[in-house]
Amino acid sequence: MRMQRIPRLRVVTLGCLVGLSPILFSQMAPMSPAAPMEAHKAAPVSTTLIVTIDGKAVTYTLADLQAMPQKTVTVKNGHTQAEETYTGVAVSDVLAKGGISMETLKRVYHSYIKAEGTDHYWVLYSASEIQSGLREGQAIVALTLDGKPLTTDGQFKIVETGEKRPARWVRNLTSLTVVTVE
Ligand SMILES: Nc1nc2c(c(=O)[nH]1)N[C@H]1C(S)=C(S)[C@@H](COP(=O)(O)O)O[C@H]1N2
Ligand SMILES: [Mo]
């Protein structure tokens with residue numbers, strides 16, 4: 001039997017279009033404002049913040065943090081491109097209560113902080129980068145967003161103003177654990 005000859009170029013072109021169609025269609029699909037790019041799973045709302053330094057854990061409540069000096073930062077959320085205004089306590093002020101400050105600079109340079117949420121999502125910050133006496137970027141334990149409590153993002157959320165995307169902004173922040181590398 002004689003096969004009908006289909007020009008090779010056309011087969012290749014058709015194959016490419018079929019292969020690319022999911023990509024082409026996804027590019028064409030309009031972005032719905034109700035469906036964020038990465039909708040996040042709900043996590044238990046954080047109601048306490050446990051700060052551990054030198055193995056000593058201190059538990060802060062919302063009232064404890066509200067009683068400390070408040071800082072306000074306005075940042076662009078790299079995902080939503082929205083300007084967001086957070087108010088809360090400088091992480092450096094929280095650490096200073098446990099003896100890590102500009103007065104113990106060597107300790108600052110040799111330490112890191114594990115910041116964890118109620119869903120066990122965690123990230124690291126270096127103790128130097130959250131030190132307002134050393135860097136432009138500001139890290140705060142945010143208590144409010146645009147003047148309102150964070151609600152589903154917990155009572156606490158760590159926000160750092162130098163981030164190009166909000167991956168280290170741990171929502172429902174529940175612990176800050178400082179580790180000094182020997
Ligand atoms: N507790 C907690 N915080 C988190 C995450 C998470 O999974 N759990 N994801 C991070 C990542 S990867 C991103 S991009 C942002 C997204 O935050 P949004 O969904 O509020 O925009 O939250 C960050 N903070
Ligand atoms: Mo992310």
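A short reminder: the numbers here are calculations on the coordinates, not readings from a lab. Predicted model, so just to flag it, every value in this text is computed and none were measured. Virtual Cβ from ideal backbone geometry, glycine too; neighbours counted across all protein chains shown.
Results, tabulated for the structure shown:
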item: Which of THR80, ALA142, LEU173, positive extreme of dipole for the stretch 79-182 (C-beta unit charges); result: LEU173
item: Cut-off 11 Å between beta-carbons: net charge of the residues surrounding GLY99, Lys and Arg +1, Asp and Glu -1; result: +1
item: Cα gyration tensor shape for the stretch 138-177, rounded if a/c is under 1.5, else prolate or oblate; result: oblate
item: From phi via Karplus (6.51, -1.76, 1.60), per-residue ³J(HN,Hα) for the stretch 98-114 in Hz, x at Gly/Pro; result: x, x, 10, 7, 5, 7, 10, 4, 4, 4, 4, 5, 9, 10, 10, 10, 9
item: Candidate lysines - alpha carbon under 24 Å from LYS106, same-chain residues fewer than 8 apart omitted; result: LYS56, LYS97, LYS114
item: Reciprocal mean inverse distance between Cα atoms of the stretch 47-180 - Kirkwood radius, Å; result: 14.6 Å
